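Here's the structure, in structure tokens; my notes come after.
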């Protein structure tokens, strides 16, 4: 061992002990006759002292040559510090150094290895191994490990078995694009990397595994939007002989357990709302309910009052922004500009101040009386001092726009608190959604999702109205998990493939093994998958998942540290019988 | 919930309870007026009874229609069994059924779902989801989960952090062939799937993570020999500020912990032998030491006695097979045929019986006196009643051949006991091995392995003699783990790449990021990786790893269940700018 203790371990009780430490030089203060060095490792920082009078001369001289991030080993005596540092656990002591060995020198790092670094995102990604030395990054990786351990131990205690499913599987055209892997041994053929272990976990249920989980990497070759990764981690789960209610209970308990163990937060029974209600109340199927500002629909109140702009619209809907009645004209104009930005795309914004004195002032005061506006206040839940913001237009688009505004206002008002956790279930999702581009139905969740039994009759007549036994777990405005009761009947599964536009041959080629499996005694089963990267980020009080991934890729899918992807040797391509077209 | 209890749960104390069970029909016995059904789920088997007099008529009739592997839900009363079955935990009770629901029917399975099935390997792989219903397969998957949990919890308690490293990395020409993944977003470029997270774990050490582990999938596109998988699982570990001794201790303790917790076996301190000694004593760098039969070298004893065949040979070496002196001439001839098989390739076998009465009889008795043979017995450790088997030839080849014979004899004599565990460390591996084909040195472990400091001077003069700080953990004749102290000096690392035939440009292109990382304060570090599939198999008392993998691939790298790999759509190839050459 290079050390007797770590740099986070020594306390006042160790005074007079002879110790050996190893670590990185965080900081040097050289007063000529006295040198202090902060020695750092994963566990903390310990102050070293080199004293011209008490430290051997050669050691003292060598200490003067140490630069930032040098790796050293020191031996010495633990002594009490004159001026204690209350900010660190080792702050009561320091090491009077008698021996020093330089284990490795270090070039000047391209950014400072401090909690608040001077390095920008790009340079920190290129030198990610240096970035990881910084507490904010290191702590996030340790936190991720702790969450994973909690998940595994909890599920394992509940009888779930972690089963490793294969990474080299078969490409399926449904859903997002697959990454493919050419097979050398099977010329002209390809494996695909799994977008999820969906079919395998269902086969495990057919195989009687009863309760399965896996923390597993998944892959999607999508054009990367901000904070999406081509490889991401899922907590993948499946259960047999269960109904939707059982899944909600088991995984609500998992989530409660994590919030309790990791964050020390107790949570009540999670609210449940239907997809339809979520859209109506929040304009969003993953509402952030840490704050109110629920939508109030104003169609009945706002039409037919002479304001033509409203009369023509499908939906008129507003929110009450708490305490914002004192917004200036300029502030409100800025909000109007904000909703008109192309990212939001609204035509405008109607506002009504519900003043603290109970009076109203509105951009459409010409058309609406104080009594009218008082009704608006009631519908939106506005109280004196609030600002009512109203949008109008097509139902879908308007809800999405008002939802964006709701989130923006909450952000501005500091209502999205990182240490507050408001989970809820969104249930009763539509089974299918119509895609204008391909002019066919797509599975909203995936093709294995079971319709609600009472809606099956609608499959022939109004497929768009069929609700699924599908559910999302939403936490603080993020979908952290989603799943469904699966189809376990091969007939119904064939019918689903038909509805989704598969020919019999396509369905057979892609999912023949699954439909075949269903012929041999498939049990009722259901499952859920959590986005582990996001779950960890949200539990960590943040929303950028990249920070919680050891070696993330950038928005072009590149690992800038190792410079991948990269061209490969001609020989490799030849062995694979592949040619790159220019 | 579809059930109030599992099929493994009910005991005599539950008698008179009303219960609901769900599961698969394992077996039906229909006596006309009485039907018994064994209902199976992951947790066990419960006997159901349908009685013409006590069961509702419609339920009784429906029970008659149930086939093997039908999925059913039953409700009824727990009653005491007349003839108890001591072989199963639920054998004291049965369920008098009052309600029956068929949840799914089942086609006749292509093989019997019994512990001893009539299905061959191929059909069971094609219908792996049915194979998993069988206890021997299901239990192995659960066992694997339990081992993984033990590993994770133990290492976590020892301060190791599980960090997920990326799967989409960069191809390196060193070592085995990579699987590659074409990048759509970066035309003409490829990711590679990791053969191991080697460089990433070293970067984590440079990043100060101190103690890292990961249970992780790795990929090698090798021509598959028996029981190799293109994707396999590793327990990957790395530590900072440690020497070889620290690694051996930490992972010896992990292995002891597993043997204790999983198998209930206490083990002493693991023996350690050098690579040179392992080769000399066992002809093998992963010796099975559950039994003796150590090699005895006979050069000094067997040369110059008039037996010309021996005089010309580099090595004459024998083993004493316990209790085999009574082998017949026919049995010995069969052994001689066995070693002459092309897989072994020996020219022949000299034998000497050390009879129970103390006399000797030998195939070369003409040349060697009883006194000579008594010396052979001493050198090989033979006792009266043993059979001495001797081979001769080039050192390397002969050792390998005699090692194969040693293992074969142990197998025949039943000395390789599945419930006995004999771990040992093999240390001091050569750093390099000469490859005749490419006429250059290859890294015996990998290019990041540190030479022993005392051997560094030999790098220039006799590279083949340089020993590495590398070690293997061997259990029952299988390498279950291997690792090394790493080079942490960029100068020494460059020199290694040079020795391995890399040009400066190649080394820079492939490992530039690692050598660059070493410039910024790389700490001394070392690590180890366990082959998790094999470890689990050996702990499970078996050697076929495929049985411990949920969805293994066959020897052609195919998943015959999902039929992968497979051709992909033309559109996919076009998006990737790839062409398959015919």
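The values are calculated or read from the model by the stated rules, or taken from the named source; none is laboratory data. Nothing here was measured: the structure is a model prediction, and the numbers come from that model. Every residue, glycine among them, receives a Cβ derived from its backbone with ideal geometry; neighbour counts consider all protein chains shown.
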Condition broken by residue A:87, with the remaining ones in (1) away from chain B (no Cβ under 14 Å); (2) over 30 Å from residue A:121 (Cα atoms) satisfied
(2)
Any residue that is outside any loop (DSSP other than H, G, I, E, B), surrounded by fewer than 24 Cβ atoms within 10 Å (Cβ to Cβ) and facing chain B (nearest Cβ under 7 Å) - is there at least one of those in segment A:163-177?
yes
So is residue A:541 surrounded by 19 or more Cβ atoms within 10 Å (Cβ to Cβ) and away from chain B (no Cβ under 12 Å) or not?
no
If I ask for residues that are more than 7 Å from every other protein chain (Cβ to nearest Cβ) and in contact (Cβ under 8 Å) with a residue 12 or more places away in the chain, which ones from segment B:560-575 would you list?
B:560, B:575
For segment A:240-251, check the following and say yes or no: at least one residue is in a strand (DSSP E or B) and under 27 Å from residue A:207 (Cα atoms).
yes
When both residues are 6+ apart or on different chains and their Cβ atoms are under 9 Å apart, which pairs have a first residue that lies in segment B:60-89 and is in the same structural domain as residue B:17 (by TED's automatic domain parsing) and farther than 13 Å from residue B:46 by Cβ, and a second that is surrounded by 16 or more Cβ atoms within 10 Å (Cβ to Cβ) and modelled with pLDDT under 95?
B:71/A:488
Tell me which residues, restricted to segment B:412-447, are under 25 Å from residue B:264 (Cα atoms) and either outside the structural domain of residue B:248 (by TED's automatic domain parsing) or part of a loop (DSSP other than H, G, I, E, B) (or both).
B:414, B:415, B:416, B:417, B:418, B:419, B:420, B:421, B:422
Looking for whichever is in the same structural domain as residue A:501 (by TED's automatic domain parsing) and buried (at least 19 other Cβ atoms within 10 Å of the Cβ) here; the options are A:457, A:470. Which one fits?
A:470
Being buried (at least 22 other Cβ atoms within 10 Å of the Cβ), in the same structural domain as residue B:432 (by TED's automatic domain parsing), touching a strand residue (DSSP E or B) at 6+ places or on another chain (Cβ under 9 Å) and more than 16 Å from residue B:228 (Cβ to Cβ) is the requirement here; does residue B:564 meet it?
no
Taking the condition closer than 30 Å to residue A:377 by Cα, outside any helix (DSSP H, G or I) and not assigned by TED's automatic domain parsing to the domain that holds residue A:247, does residue A:390 pass?
yes
Inspect all residues belonging to segment A:154-162 and state whether any of them is assigned to a helix (DSSP H, G or I), at pLDDT 95 or above, surrounded by fewer than 21 Cβ atoms within 10 Å (Cβ to Cβ) and more than 7 Å from chain B (Cβ to nearest Cβ).
yes
Inside segment A:54-93, can you point out the residues that are over 23 Å from residue A:134 (Cβ atoms) and part of a strand (DSSP E or B)?
A:75, A:76, A:77, A:78, A:79, A:80, A:93
Test result for residue B:330, under 37 Å from the mean Cα position of the chain (by Cα), over 30 Å from residue B:423 (Cα atoms), surrounded by fewer than 20 Cβ atoms within 10 Å (Cβ to Cβ) and at pLDDT 95 or above
yes
Among (1) part of a loop (DSSP other than H, G, I, E, B); (2) within 12 Å of chain B (Cβ to nearest Cβ), the one test that residue A:101 misses
(1)
Filtered residues of segment B:178-206 (kept if part of a loop (DSSP other than H, G, I, E, B), facing another protein chain (nearest Cβ under 7 Å) and over 27 Å from the mean Cα position of the chain (by Cα)):
B:183, B:184, B:185, B:186, B:188, B:189
Among the numbered criteria (1) surrounded by 24 or more Cβ atoms within 10 Å (Cβ to Cβ); (2) within 14 Å of chain B (Cβ to nearest Cβ), which single criterion is violated by residue A:530?
(2)
Looking only at segment B:497-540, how many residues end up being in contact with a helix residue (DSSP H, G or I) (Cβ under 6 Å, 6 or more places away or on another chain), over 23 Å from residue B:242 (Cβ atoms) and assigned to a loop (DSSP other than H, G, I, E, B)?
1
